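The values are calculated or read from the model by the stated rules, or taken from the named source; none is laboratory data. All of these numbers come straight from a predicted model, not from anything done at the bench. Methodologically, a virtual Cβ is constructed for each residue, glycine included, from the backbone with ideal geometry; neighbour enumeration extends over all protein chains shown. When the accessible area is computed, the model is the full protein with side chains, heavy atoms only, and any ligands, DNA or RNA have been set aside. Shrake-Rupley method; radii C 1.70, N 1.55, O 1.52, S 1.80 Å.
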Amino acid sequence: MSQNKREDSSITYKDSGVDIEAGNNLIDKIKPYAKSTFRKEVLGGLGGFGSMFEMPSHIDNPVLVSGTDGVGTKLKLAFELNEHDTIGQDLVAMCVNDIIVQGAEPLFFLDYFACGKLNTEIAEKVIKGISDGCKLARCSLVGGETAEMPGMYQGDEYDLAGFCVGAVDKQKIIDGKNVDEGDILLGMSSSGAHSNGYSLIRKILSEKKINLDLNLGSESLGEALIKPTKIYTQSILEVLKTERINAIAHITGGGLTENIPRVLPKDLKAVISKNSWEMPKLFNWIKSEANISDGELFKTFNCGIGMVLIVKKELKEKVMVSLRNSKENVFEIGKIIKKNINDAQIQIL
């Protein structure tokens with residue numbers, strides 16, 4: 001009898017925890033979001049095995065530039081706050097802000113959404129946020145992957161990764177080679193901690209049992225921490241239409257201290273005045289609660305500066321005017337000088 005029972009019973013894929021119908025339902029829901037991001041160069045639609053994108057005709061001698069990233073443990077905060085509408089913008093921002101550093105116009109984006117059990121309501125919010133980010137960057141959401149993996153994630157938790165491709169004219173690649181003594185550093189304001197340093201932030205919250213409703217002035221701590229990463233691509237592309245930028249640094253993991261030297265020639269250093277912009281209250285709160293030095297703070301967080309442009313002194317005003325016309329807050333934060341042999345490549349005074 002037990003033998004017959006084994007022969008007659010069946011175990012389906014859905015029994016194992018993977019619901020193909022729920023996945024198909026999600027695809028139907030997100031198709032309008034993706035389609036709303038399509039540039040004219042997109043060939044075909046969603047649902048194929050691969051996505052096709054025609055090279056833009058306005059870019060001469062195009063070089064492809066690619067980037068991939070995630071949003072780190074900021075996801076844990078999204079779970080705690082049950083806020084899933086903007087984490088997708090974070091994902092897009094972390095990728096497109098990386099490739100604009102080389103002057104690349106973002107063309108298309110793909111996402112990877114992984115979960116234990118698919119909650120289509122949450123997934124739809126996340127992917128709508130991704131499409132919102134793509135619209136801000138003016139790139140197309142051409143596809144992605146939704147992976148339902150029972151046992152890998154708890155409850156409604158999920159993980160995100162993204163991948164973007166952009167293009168730049170080979171003659172207009174920004175690589176830092178033209179940075180020279182006397183150049184000026186311009187800092188573009190961030191929207192908060194962006195998607196970096198959240199493991200430290202979460203440790204502070206956990207060890208000190210701090211409530212996310214804590215008032216930081218104009219907003220709560222939770223609101224300040226979940227705020228999406230700013231996307232800088234269109235403001236910078238607007239500048240590049242008329243002005244030459246010698247180098248750009250995206251201030252991500254490693255903060256100002258680690259990211260600015262990545263775009264400098266070895267014989268030069270950046271000298272930055274920390275009093276040249278007003279540090280947002282969030283970072284002063286972090287410094288106080290963690291009891292860390294300025295050096296550790298600037299090595300971990302953007303401290304209010306999400307992107308740094310290095311320009312010739314005579315172009316400074318034109319670049320600042322262009323950025324402000326694009327509604328950016330921009331500050332002159334430092335300059336480039338010759339480096340002594342034993343000096344670090346950055347000094348924050």
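So here's what we get for this one:
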quantity: Flag if Val311 is farther than 20 Å from Val96 by Cα, of a type in the set (Val, Ile, Thr) and open to solvent by 20 Å² or more (accessible area, probe 1.4 Å); calculated: no
quantity: Members of region 266-322 that are in a helix (DSSP H, G or I), in contact (Cβ under 8 Å) with a residue 60 or more places away in the chain and aliphatic (A, V, I, L, M); calculated: Leu282, Ile286, Ala290, Leu315, Val319, Met320
quantity: Selection count where residues are part of a loop (DSSP other than H, G, I, E, B) and either under 20 Å from Ala123 (Cα atoms) or at pLDDT below 95 (or both), scope region 79-111; calculated: 5
quantity: Residues located in region 323-337, provided they are more than 22 Å from the chain's Cα centre (by Cα) and not in a strand (DSSP E or B); calculated: Asn325
quantity: Residues being in a strand (DSSP E or B) and either open to solvent by 50 Å² or more (accessible area, probe 1.4 Å) or without any contact (Cβ under 8 Å) to a residue 12 or more places away in the chain (or both) - total across region 59-78; calculated: 5
quantity: Pairs, first on the phi > 0 side of the Ramachandran plot in region 217-228, second surrounded by fewer than 19 Cβ atoms within 10 Å (Cβ to Cβ), C-beta under 9 Å, six or more apart; calculated: Gly217/Lys281
quantity: Residue check for Asp159: more than 19 Å from the chain's Cα centre (by Cα) and either in contact (Cβ under 8 Å) with a residue 60 or more places away in the chain or farther than 21 Å from Thr86 by Cα (or both); calculated: no
quantity: Test: residue in region 230-241 that is within 22 Å of Val321 (Cβ to Cβ), of a type in the set (D, E, K, R) and within 13 Å of the chain's Cα centre (by Cα); calculated: yes
quantity: Yes/no for Leu136 being surrounded by fewer than 22 Cβ atoms within 10 Å (Cβ to Cβ) and in a helix (DSSP H, G or I); calculated: yes
quantity: Hey, Lys299 closer than 18 Å to Leu264 by Cα and within 23 Å of the chain's Cα centre (by Cα) or not; calculated: yes
quantity: Residue check for Ile127: open to solvent by 10 Å² or more (accessible area, probe 1.4 Å) and touching a Leu at 6+ places or on another chain (Cβ under 9 Å); calculated: no
quantity: Cβ pairs under 9 Å, 6+ apart, first in region 237-252 and surrounded by fewer than 17 Cβ atoms within 10 Å (Cβ to Cβ), second assigned to a strand (DSSP E or B); calculated: Glu243/Val311; Arg244/Val311
